[in-house]
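Down below is the structure, laid out as structure tokens.
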Amino acid sequence: HTPFGKPNKVQYTYAERLLDNLVLGADAATTVPQLRAQRRVYAIGDNPAADIAGANRAGWTSILVRTGVFTGAPGTNDATNPANKVVDHVGDAVEWIIESEMQQTR
């Protein structure tokens with residue numbers, strides 16, 4: 001019996017392979033280790049026990065939104081499965097990702 005679904009590693013491994021295949025299809029000269037060394041993967045979720053725990057275990061940047069399961073007060077994070085960033089809405093998460101990427105390219 002193999003469990004599936006978040007936060008099980010198989011879900012994140014599969015997503016990584018899909019990302020690898022997308023990039024390798026566009027740039028065959030790049031290797032998977034090169035891809036993974038250069039890539040940042042962001043995961044946005046509202047469930048610390050599933051979305052955030054899985055993203056953290058996969059080594060991704062986790063962003064917790066206060067629009068669903070998690071309803072913590074501003075300035076708080078989940079104590080058991082803390083996210084890298086906590087925001088109010090998905091739009092705020094996307095803005096934070098764009099700002100983070102822009103800072104990385106400077």
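The values are calculated or read from the model by the stated rules, or taken from the named source; none is laboratory data. Note that the structure is a prediction, hence the values are computed from the model and not measured. Here the Cβ positions follow ideal geometry from the backbone for every residue, glycine too, while neighbour counts run over all protein chains shown. These accessible areas exclude ligands, DNA and RNA; they are computed on the full protein's heavy atoms, side chains included. Shrake-Rupley method; radii C 1.70, N 1.55, O 1.52, S 1.80 Å.
Could you list the residues of the range 39-82 with an amide nitrogen less than 17 Å from a label point located 7 Å from the Cα of V23 in the Cα-to-C-beta direction?
39-43, 58-62
Over the range 1-71, what percent of the accessible surface lies on carbon and sulfur atoms, probe 1.4 Å? Could the numbers behind the result be given before it?
Working: 2350 of 4230 Å².
Roughly 55 percent, rounded to a whole number.
What net charge is computed for the residues neighbouring V10, neighbours being all others with C-beta under 15 Å from the C-beta of V10, Lys and Arg scored +1, Asp and Glu -1? Can you show the working numbers first?
Numbers: positive: K6, K9, R17, R57; negative: E16.
Every neighbour counted, the sum reads +3.
If you roll a 1.4 Å probe over the heavy atoms of the protein chains, what accessible area per residue do you get for the chain, in Å²?
For the chain, the solvent-accessible area averages 64 Å² per residue.
Using a 1.4 angstrom probe on the protein heavy atoms only, could you order D46, D20 from most to least accessible area? Show your work: numbers first, answer last.
On the way: D46 45, D20 10 Å².
From most accessible down to least: D46, D20.
Determine how large the accessible area of R36 is when every protein chain is in place; take a 1.4 Å probe and give Å² rounded to the nearest 10.
110
Here are several values of Cα extents along the principal axes in Å: [x] 69, 45, 14; [y] 47, 47, 18; [z] 154, 13, 7. Which one was derived from the coordinates shown?
Identified label for the calculated read-out: [y].
Convert each backbone phi in the range 74-87 into a coupling constant with the Karplus relation 6.51 cos²θ - 1.76 cosθ + 1.60 (shift: θ = phi - 60°), then list the ³J(HN,Hα) values in order as whole Hz, x for Gly and Pro.
After applying 6.51 cos²θ - 1.76 cosθ + 1.60, I find x, x, 10, 9, 6, 6, 7, 10, x, 8, 5, 8, 10, 9 Hz.
Under 20 Å from a point placed 7 Å out from the Cα of I98 along the Cα-to-Cβ direction: which residues of the range 45-70 have their backbone N that close?
In the range 45-70, the label zone of I98 (backbone N under 20 Å from the point 7 Å along Cα→Cβ) covers 45, 61-66.
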